[in-house]
Structures are given as C-alpha cells and as structure tokens.
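Take a look at the structure below.
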Amino acid sequence: PPPSLSQSTLLKIILGDLEATGALLAAAASLARRAANGDKELIFMATGSDANSLSVTNNSLVTLATLGLRRHVMLLADGWQTCEVLRAVLYGPCFWSSRMLRRQPADSITLRKFWDFRFRFYYIKKKYMALLVAGGFAVLQADTDTVWSHDPFPMLRLMRTSSIVAMRDVGLANAGVVYARPGSRASLR
C-alpha cells in the first residue's frame, strides 16, 4: 500500500478488513484471473464461524482447488477471529468487514425467526458485489455449500448479452449463485 495511508488503515488492510480504503479492489485485483476475453473474474463466498459453516466452506474450497479456481476465491468471514481460524486451516486469503452487523438491528417477527450469521451477510455481500462490478470485475457469488464439478466461467462468458445471471430463490437474487459483470448502468444499479 502507498505510504500515504494512515497506520489504522494499514492495520485494517493487513488484517483483511475490506472497509479499509482501497482494500476491496486491491484484494480483488490480487485474486482475479484475467480471462482470454479480458474479463477480470473472481468467486466471492461468505462464511460464518460455526463448525458446520467451516466444514462446508472447506469442502467447497477443496473442490474449487481441484478445478484450479481456489486462488481466485475472495472469502468473506464474519470477523477477523474467523479469518484467523480459516487461515490456519484453509491456507488461503480471508477477508472480513468492520461494517458487518453484529447485533440484530431491530425487533421484528422476521428477524426473530431468521437472525443468524447469514442475515448479517445479506447486505454486505450485495454491496461488495456492486462495488466489485463497478470496479471492473466479473463476480460469481456462490454459497459455500455449492458443489463444483467444472469451471462455470466459460459458460458465463458465452452469455455476453447478460450482465446478471441469478439462481432463482423465491424471486430473490439471494441464494445459491449470482453472477454479475460490468455492463449497462441499469444492470449495475
């Protein structure tokens, strides 16, 4: 990082906080692969710290490694403590966000039923995805329980007229797989 950055910003970058100035795009640039068509491609995944989340994340990363894609994964954890665990076990980069929701923001029927670590990721995953696409990256956001049997990017590259490809989940682009790449202003929005 340039020497003009403050000590606290440098510390956040070193610890993997994607909210540090320039950290998100710098992390993406270090992980993305350059496709023959010029796209800068990366896979974006998020995980919590419970044993089940860590187990399925490990399984997914192992299958990605067999396809040569592990080094292109931006892994977002629910905090720096989880990143410390992941770095020791998964031997790869891990990032976190100081903007991650720590406490339930309000009391509602929905939040009483669904408040868990996954809810904390919903906003930040979409925010980061939009920032990455605006930064020129083609981003495949996938759940950690996704099974990888082949590299999906060649097929996604063939879909040149689509800026966003989403797996349907009750009408929301929120689960399984969401792919976005730079495109029109409307698609970015």
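When the stretch 68-86 is filtered for residues that are farther than 15 Å from residue 50 by Cα and either of a type in the set (A, V, I, L, M) or open to solvent by 60 Å² or more (accessible area, probe 1.4 Å) (or both), the ones remaining, listed by number, are 69, 71, 73, 74, 75.
Are any of the residues in the stretch 169-182 within 26 Å of residue 69 (Cβ to Cβ), assigned to a loop (DSSP other than H, G, I, E, B), over 15 Å from the mean Cα position of the chain (by Cα) and at pLDDT 80 or above? Checked the stretch 169-182: at least one residue is within 26 Å of residue 69 (Cβ to Cβ), assigned to a loop (DSSP other than H, G, I, E, B), over 15 Å from the mean Cα position of the chain (by Cα) and at pLDDT 80 or above. Taken over the stretch 27-44, the residue count meeting the criterion of being at pLDDT 90 or above and either buried (at least 18 other Cβ atoms within 10 Å of the Cβ) or not polar (S, T, N, Q) (or both) is 12. The residue that is farthest from residue 65 (Cα to Cα), counting only those in the stretch 134-150 that are of a type in the set (A, V, I, L, M) and surrounded by fewer than 20 Cβ atoms within 10 Å (Cβ to Cβ), is 134.
Contact list please: Cβ distance under 7 Å, first residue in the stretch 45-72 and over 21 Å from residue 132 (Cα atoms), second residue surrounded by 13 or more Cβ atoms within 10 Å (Cβ to Cβ) and among the acidic types (Asp, Glu), pairs at least six apart or on different chains. These pairs meet every condition: 48/78; 49/78; 56/145; 60/145; 67/151. Candidates 82, 66, 21: the one that is out of contact with any helix residue (DSSP H, G or I) (no Cβ under 9 Å at 6 or more places or on another chain) and hydroxyl-bearing (Ser, Thr, Tyr) is 66.
To keep it simple, each residue is scored yes or no on (1) assigned to a helix (DSSP H, G or I); (2) within 28 Å of residue 182 (Cβ to Cβ); (3) at pLDDT below 85.
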site: 25; (1), (2), (3): yes, yes, no
site: 46; (1), (2), (3): no, yes, no
site: 92; (1), (2), (3): no, yes, yes
site: 100; (1), (2), (3): no, yes, yes
site: 105; (1), (2), (3): no, no, yes
site: 122; (1), (2), (3): yes, yes, yes
site: 127; (1), (2), (3): yes, yes, no
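Taking each residue of the stretch 124-150 that is within 17 Å of residue 163 (Cβ to Cβ) and looking for partners that are of a type in the set (Ser, Thr, Tyr) and open to solvent by 20 Å² or more (accessible area, probe 1.4 Å) with beta-carbon atoms closer than 9 Å, six or more apart or interchain, yields 133/163; 133/187.
State all residues of the stretch 48-90 that are in a loop (DSSP other than H, G, I, E, B) and under 15 Å from residue 124 (Cβ atoms); if no residue qualifies, say none. Within the stretch 48-90, 48, 78, 79 qualify.
The values are calculated or read from the model by the stated rules, or taken from the named source; none is laboratory data. All of these numbers come straight from a predicted model, not from anything done at the bench. No Cβ is skipped: glycine too gets one built from the backbone with ideal geometry, and neighbour counts run over all protein chains shown. All accessible areas refer to the heavy atoms of the entire protein, side chains included, with ligands and DNA or RNA removed. Shrake-Rupley method; radii C 1.70, N 1.55, O 1.52, S 1.80 Å.
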